[in-house]
1. Scan the range 95-103 and give yes if some residue there is surrounded by fewer than 18 Cβ atoms within 10 Å (Cβ to Cβ) and of a type in the set (A, V, I, L, M, F, W, C), otherwise no.
2. Answer yes or no: is there a residue in the range 3-21 that is surrounded by 18 or more Cβ atoms within 10 Å (Cβ to Cβ) and in a helix (DSSP H, G or I).
3. Which one of Pro18, Pro37 is closer than 28 Å to Gly175 by Cα and free of Cβ contacts under 8 Å to residues at least 40 places away in the same chain?
4. Can you pull out the residues in the range 431-449 that are outside any loop (DSSP other than H, G, I, E, B) and surrounded by fewer than 22 Cβ atoms within 10 Å (Cβ to Cβ)?
5. Return the total of residues in the range 196-207 being surrounded by fewer than 24 Cβ atoms within 10 Å (Cβ to Cβ) and in contact (Cβ under 8 Å) with a residue 40 or more places away in the chain.
6. Can you pull out every residue in the range 450-461 that is farther than 15 Å from Val142 by Cα and part of a strand (DSSP E or B)?
7. I'd like the full set of residues that are in a helix (DSSP H, G or I) and touching a residue at least 60 places away in the same chain (Cβ under 8 Å), limited to the range 40-50.
8. Hey, does the range 137-153 have a residue that's surrounded by fewer than 23 Cβ atoms within 10 Å (Cβ to Cβ) and either over 26 Å from Asp434 (Cα atoms) or not hydroxyl-bearing (Ser, Thr, Tyr) (or both)?
Amino acid sequence: MMITTISPVDGRVYAQRPAATAAEIEATLVRAHASQPAWRAVPVAARAAIMERFCLEFERRGSEIATQLSWQMGRPIRFAPSEVRGTLERARYMSDIASTALADLDAGPKPGFRRFIRREPLGVVFSVAAWNYPYLIAVNSVVPALIAGNAVVLKHSAQTPLCAEVFAECFAAAGLPTGLFQVLHLTHGDTEAVIRDARVDFVAFTGSVAGGRAVQHVAAERFIGVGLELGGCDPVYVREDADLAHAIENIVDGAYFNSGQSCCGLQRIYVHESLHEPFTRGCIELIRQYRLGDPLDPDTTLGPLVRTAAADTVRAQLRAAVEAGARAAIEEREFPKSRADTPYLAPQLLLDAPPGSVVMREEIFGPVAGIMKVRSDDEAVAHMNRSAFGLTAAVWTRDPQAAEALGARVETGTWFMNRCDYLDPALAWVGVKDSGHGCTLSVVGYEHLTRPKSFHLRVKT
């Protein structure tokens, strides 16, 4: 079976890879399982040094990586280099904190005893990465898993297979021992088989809620950990004391960057009634400045969706929202490149979106957001929490104390003030409710890629 990548740029076949055979899968797992014990004995500092060489190689290939990214998933070339920078930032941060994060935890003095907790690697980590941020998603599990002493097998999306191969090439160039990082191009059925394999000790999955449920169901047959980063329908609140111009600029970017194909992209916008009219007007003006077109054109600021079927799904969600009472603020003809039966889709802002409408309830993986007027902080919080998702949420305000107090009430994995749609590697990246469970990045991220082992040593009798 061939795994085929159709470029959203022009609909042509951009890459093809044969799906791994049963023999190739077996050989990969044998190598991973066999190579890991020696790797766990390598000092953390030596592992981190290899990661820095990986970063240097990745950085050297930056221009090539950015171009491939645009062809594979449609990111405008003017923005594609940001993924290279973000990948390096996360990889280097997780490498820099490794010696602290993986250090023994002293349990305190007790006469006649030495007591501590050590974090040991799990074994083989199976990472299943999504296409929308193919390097940023994969690096969250791949680099810290390796630094923690695990072997890694990466299965990337069929839309972005070259990204997995770039990781492999960079690790090989960095001198990572053979077998510790490998790539498999897999069918869904073979992905499930790998999760069931006794040599796999942890699964890191990023994708849809339905995909996460499937992974959880298969992994539940075994006693292994699973990290799930799933969907979002992320809310923001523009408080009455917000810096209006700043809020407009940030929120429009957070909603429409990457053509809205982000699990932590903004979708539900709640605006205090005192700012609703000027805020909405400013957003519409800014959205109209986007240029939808060929992502290889440096002037393009909004690329296609990943495939025509994805764009058709968003079109259906837009129709459903309008039928429920929302009003479309943007005329599609304002974006001539937007056409049915193509992945090119005009951005849309839905006004007066009812609370139960699609845009305020479901994840829309496209350049769409809905605005709703609110009268108070309490009303905003109530609406923000009225969701099956909880990945990120944000408030725009000049009052840090109010922001912190509101954040304590909102059900979310990350709470922002005056910014959005950003992963700080020093902070835990985590979702609640249908946005998943587990954690990547930060010191806490290492806890999910290791197991605690307690040492209770009697040193005097």
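The values are calculated or read from the model by the stated rules, or taken from the named source; none is laboratory data. Bear in mind the structure is a predicted one, so any value in this text is a computation, not a measurement. Please note: Cβ atoms are built from the backbone with ideal geometry, for glycine as well, and neighbour counts cover all protein chains shown.
1. yes
2. No, there is no match, as no residue in the range 3-21 is surrounded by 18 or more Cβ atoms within 10 Å (Cβ to Cβ) and in a helix (DSSP H, G or I).
3. Pro37
4. Val432, Lys433, His437, Ser442, Val443, Val444, Glu447
5. The qualifying residues number 5.
6. Arg451, Pro452, Lys453, Ser454, Phe455, His456, Leu457, Arg458
7. Answer for the range 40-50, where residues must be in a helix (DSSP H, G or I) and touching a residue at least 60 places away in the same chain (Cβ under 8 Å): Arg40, Val44, Arg47, Ala48, Ile50.
8. No, that holds for no residue.
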